[in-house]
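First up is the structure itself, then whatever we jot down about it.
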Amino acid sequence: MLQHIVWTVSLALMMLVGFGWSFALLRSGIREEEFAPLQKRAYRLRTRFFWGLVAVFGVPMVYTLIDLPYDAVRVAEGSGAVQEVRATGHMWRWELSENRLEAGRPVVFRVTSGDVNHGFGIYDPDMKIVAQTQAMPGVTNTVRHTFTRAGTYRVLCLEYCGLAHHDMTAEFTVGERS
Ligand SMILES: [Cu+2]
């Protein structure tokens, strides 16, 4: 809810900046006589450079953003195909409501803490991190992930939370889809 408000406000402010910017752009004609030919060439180069940057970075940016998994999982959430896990961090252990999950079905982790801030990090069987979020008291953060590989996964704490922080681990298994 809060995120929604922040997003709407940001969008409104961005539009305001955009309007101001277009207004300034429309009002500013180039006064030809003030520019020596050399300067004009420099501006032309700059314009080319700008569009070059847009092409080089803009296209890959759009391309890489297409793959964001959030929407796909959100759609699945309504269908009942989603597995939900409530995860609570404590000094110094994790409490997971499920420890058997299925590969290929979206999982929604609802993550919170019973005491101080912890970091909720999920590691695959090769100990490569696959998803993470902050575990905070009084707040429930959501992480969505669809496991593609079966195996034993581990949850490690990613935020130093006291003496036995390094022992704060949990395990769950991901089985082949039945
Ligand atoms: Cu910790």
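The values are calculated or read from the model by the stated rules, or taken from the named source; none is laboratory data. Quick caveat: nothing in here was measured; it's all calculated off a predicted structure. Cβ: placed from backbone, ideal geometry, glycine included. Neighbour counts: every protein chain shown.
Applying the set (1) within 16 Å of the ligand (Cβ to nearest atom); (2) in a loop (DSSP other than H, G, I, E, B) to GLY89 leaves exactly one unmet item: (2).
Give GLY151, GLY138, GLY162 a once-over and let me know the one that is out of contact with any strand residue (DSSP E or B) (no Cβ under 7 Å at 6 or more places or on another chain) and away from the ligand (no atom under 16 Å from the Cβ). None of the others qualify; the one that does is GLY138.
When you scan region 105-112, do you find a residue that is within 16 Å of the ligand (Cβ to nearest atom), surrounded by 15 or more Cβ atoms within 10 Å (Cβ to Cβ), modelled with pLDDT of 90 or more and not aromatic (Phe, Trp, Tyr), even just one? So far as region 105-112 goes, yes, one or more of its residues are within 16 Å of the ligand (Cβ to nearest atom), surrounded by 15 or more Cβ atoms within 10 Å (Cβ to Cβ), modelled with pLDDT of 90 or more and not aromatic (Phe, Trp, Tyr). Checked against the criterion of being surrounded by 13 or more Cβ atoms within 10 Å (Cβ to Cβ), of a type outside the set (S, T, N, Q), farther than 23 Å from MET1 by Cα and modelled with pLDDT under 95, region 135-143 has no qualifying residue. Check whether at least one residue in region 125-134 is β-branched (Val, Ile, Thr), away from the ligand (no atom under 16 Å from the Cβ) and over 15 Å from ALA150 (Cα atoms), and report yes or no. Checking region 125-134: not a single residue is β-branched (Val, Ile, Thr), away from the ligand (no atom under 16 Å from the Cβ) and over 15 Å from ALA150 (Cα atoms). Count of region 165-178 residues, restricted to those that are of a type outside the set (Gly, Ala, Ser) and more than 16 Å from the ligand (Cβ to nearest atom), is 6.
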